[in-house]
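Heads up, the thing below is written out as structure tokens.
Readers should treat all values here as calculations from the given coordinates under stated rules, not as data from a laboratory. Keep in mind it's a predicted model, so treat the numbers as computed, not measured. So basically every Cβ, Gly included, is an ideal-geometry build from the backbone, and we count neighbours across all protein chains shown.
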Amino acid sequence: MAKRLFQGNAAPFDVYLLQSLMEDTAADEGEELLIRYNLNGIELNDEGFQKLGSEISLLPMGGTFPLPWGRERVQLYFGEIPFGESLEPIVIRQGFVRQLLPGGKIGAQGNRAYYEVCTDPKLLELARKKAAPSKD
């Protein structure tokens, strides 16, 4: 079902989490009801994002992007990670679990955040430009 919902996705993102609406479920069963769509992406939970943020500097930046449910403002974080003898850019997107409604429709955003390590070449190029020292 997730493949059908996200085919033709024009967004530069590869990870989406949906939660099906089921009545009479206990709060601790929420994890089991998550539907993950991950097309070669890297998902971080809140703990992983916090750990990464304690190890490298992450600069926040927002932007509006096309998403499978329409254009929306997205919170991104840019940073640099050591890779061999150089520093490579990293882009993290903060997403929120959305409701999966009957009929395969995507509903409202919830409060539960997740994070995606973005691999889109255009986003990485933007990060490289942000990280480049300014020439005064």
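Near Tyr114: Cβ cut-off under 10 Å, other residues only, Lys/Arg at +1 and Asp/Glu at -1. The net charge is 0.
Based on the Cβ-Cβ distance from Lys129 to Ile35, what FRET efficiency comes out when R0 is 25 Å, to the nearest 0.05?
So, using R0 = 25 Å, E works out to roughly 0.10.
With the convex hull drawn around the C-alpha atoms of the range 35-136, the volume per residue stands at 128 Å³.
FRET efficiency for the Leu87 to Asn111 pair, using the beta carbon distance and R₀ = 35 Å, is estimated at 0.55. Each Lys or Arg adds one and each Asp or Glu subtracts one; over the other residues with Cβ under 13 Å from the Cβ of Pro60, this totals +3. For Ser54 and Leu101, a Förster radius of 30 Å and the Cβ-Cβ distance give a FRET efficiency of 0.20, rounded to the nearest 0.05.
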